[in-house]
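Engineer: Let me begin by handing over the structure; questions about it come next.
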Amino acid sequence: TIVYQKYFGDAFSQPNIGNSGVIYNTNSGETFKIEEYNQGNLSSKTIWTYDTKNNPLKNVAGFNKQPLHFGKYNNNLTSDYYNSDNELVSNSTFEYSYNGNDFPTQCIQNLYNNATLSSTVEINYFYE
């Protein structure tokens, strides 16, 4: 668990206090929830779920050391964003095709706003 405080200002000074938050990670280091607070009140939260297959960047040296990168080891299945009233505002679903080594060869991401499909993204992965 990581607790953070945001500050803002200009290039020389950041004296203004912004939102704070809490980042929750699984035992393996995947971020599964971020809660953001404005003056102590929950203003938003995002929750991620993952599959148990290999992330395409799993074997890239140092990739798993990056903070706040979602899907360090496994692949995102869902991403849900909630407002301060705990209402689901937007979400994404991810559908994968895998090769024999459990690495994705294709991902279809569906993005929803207020439960309405707003766009679809197709990602193809190639390995050599």
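Engineer: Restricting attention to the stretch 29-58, and to residues there that are of a type in the set (A, V, I, L, M, F, W, C) and under 12 Å from the mean Cα position of the chain (by Cα), which single residue is surrounded by the fewest Cβ atoms within 10 Å (Cβ to Cβ)? Spell out the reasoning first.
Structural biologist: Let us first name the residues in the stretch 29-58 that are of a type in the set (A, V, I, L, M, F, W, C), namely 32, 34, 42, 47-48, 57.
Subsequent filtering for residues that are under 12 Å from the mean Cα position of the chain (by Cα) retains 32, 34, 47-48.
Details: F32: 14, I34: 19, I47: 17, W48: 20.
Ranking the candidates gives F32 first.
Engineer: Something else about it: Answer yes or no as to whether E35 is farther than 24 Å from Y4 by Cα and either touching a Leu at 6+ places or on another chain (Cβ under 8 Å) or in a strand (DSSP E or B) (or both). Before you say what the answer is, go through the steps one by one.
Structural biologist: On the way: farther than 24 Å from Y4 by Cα: no; either touching a Leu at 6+ places or on another chain (Cβ under 8 Å) or in a strand (DSSP E or B) (or both): yes.
It is false that E35 is farther than 24 Å from Y4 by Cα and either touching a Leu at 6+ places or on another chain (Cβ under 8 Å) or in a strand (DSSP E or B) (or both).
Engineer: For I108, only one of the following conditions fails: (1) in a loop (DSSP other than H, G, I, E, B); (2) modelled with pLDDT of 95 or more. What is its number?
Structural biologist: (1)
Engineer: What residue, of K58, K33, is touching a residue at least 12 places away in the same chain (Cβ under 8 Å), touching a Lys or Arg at 6+ places or on another chain (Cβ under 9 Å) and closer than 19 Å to F126 by Cα?
Structural biologist: Details: K33 fails: closer than 19 Å to F126 by Cα.
Of K58, K33, the one residue that is touching a residue at least 12 places away in the same chain (Cβ under 8 Å), touching a Lys or Arg at 6+ places or on another chain (Cβ under 9 Å) and closer than 19 Å to F126 by Cα is K58.
Engineer: If you take the residues in the stretch 59-77 that are open to solvent by 40 Å² or more (accessible area, probe 1.4 Å) and among the polar types (S, T, N, Q), which one is modelled with the highest pLDDT?
Structural biologist: Residue satisfying both the conditions and the ranking: N59.
Engineer: I'm trying to understand the selection: among the residues of the stretch 89-128, which are surrounded by 14 or more Cβ atoms within 10 Å (Cβ to Cβ) and among the aliphatic types (A, V, I, L, M)?
Structural biologist: Matches in the stretch 89-128: V89, L111.
The values are calculated or read from the model by the stated rules, or taken from the named source; none is laboratory data. From a predicted model like this one, the values you see are computed outputs, not experimental measurements. Glycine also receives a Cβ, built like all others from the backbone with ideal geometry; neighbour counts cover every protein chain displayed. Side chains are part of the model used for accessible areas, which takes the heavy atoms of the whole protein and leaves out ligands, DNA and RNA. Shrake-Rupley method; radii C 1.70, N 1.55, O 1.52, S 1.80 Å.
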